[in-house]
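Here's the structure, in structure tokens; my notes come after.
Just so you know, all these numbers are worked out from the coordinates, no wet-lab data involved. Everything numeric in this text was worked out from a predicted model, so none of it was measured. FYI the Cβ positions are ideal-geometry reconstructions off the backbone, even for glycines, and counts take in every protein chain you see.
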């Protein structure tokens, strides 16, 4: 185990190692990023107090309270980390075994190729000595057989590579990781407050609507999406109570009437 000459650094490392063991929550354990950042800030505040001996009894009480309230999550994340470490060890061992096996296969293939090449050379010499056939045809046939054997060795090598990929596949017996759902509030998009029409008197989008070649619609631009977003924003405040104490200009129609007419 590595030790530091500076005792202050040694103490900080020990404290942070201890805090990291208990404060092991992950972003998916929180409903939003703000909550996760608050959690990280709390953990850092506790570590700072323990490192610099500030309010030790109160800080230790905060640690104990956190461990009590989050015992199940802490234990689950410990199991996940242990299984991930075990997976890394198994993967490293599988890769080491694969490298050794590939080295053995390579040596075996080189020996086989050398033996077959020597055997083919000797057979070719015997045929040239004993046969009255055309020597060029005999040489060509010998080369074709050598290419066929080389192709067979290449197919065996590809089959081994496919098998090695299966060996490196991540094991399935791990703690299930619940997917993170970023949007958990009661989303309301005001669909019941308007009906989107197929056309509007919208001079701003006239050029886009007349663009039959799609030059102005790059990136999936749809003018219907612009209209729908404008209507959502327009109807979002219809349920708000009117302002009190103001004297509106009677010549200007109410905003609700204008929006509903457009919708």
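Observations on the structure shown:
- Sorting 198, 151 by the number of Cβ atoms found within 10 Å of their own Cβ, with the fewest placed first, yields 198, 151.
- Across every direction, the projection of the convex hull enclosing the Cα atoms of the stretch 7-69 has a mean area of 4.4 nm².
- Where labels lie 7 Å past Cα in the beta-carbon direction, separation of residue 140 and residue 29 in nm: 7.4 nm
- Listed from fewest to most Cβ neighbours within 10 Å, the set 21, 68 follows the order 68, 21.
- Rough spin-label spacing in nm, given labels placed 7 Å along Cα→Cβ, for residue 112 and residue 209: 7.2 nm
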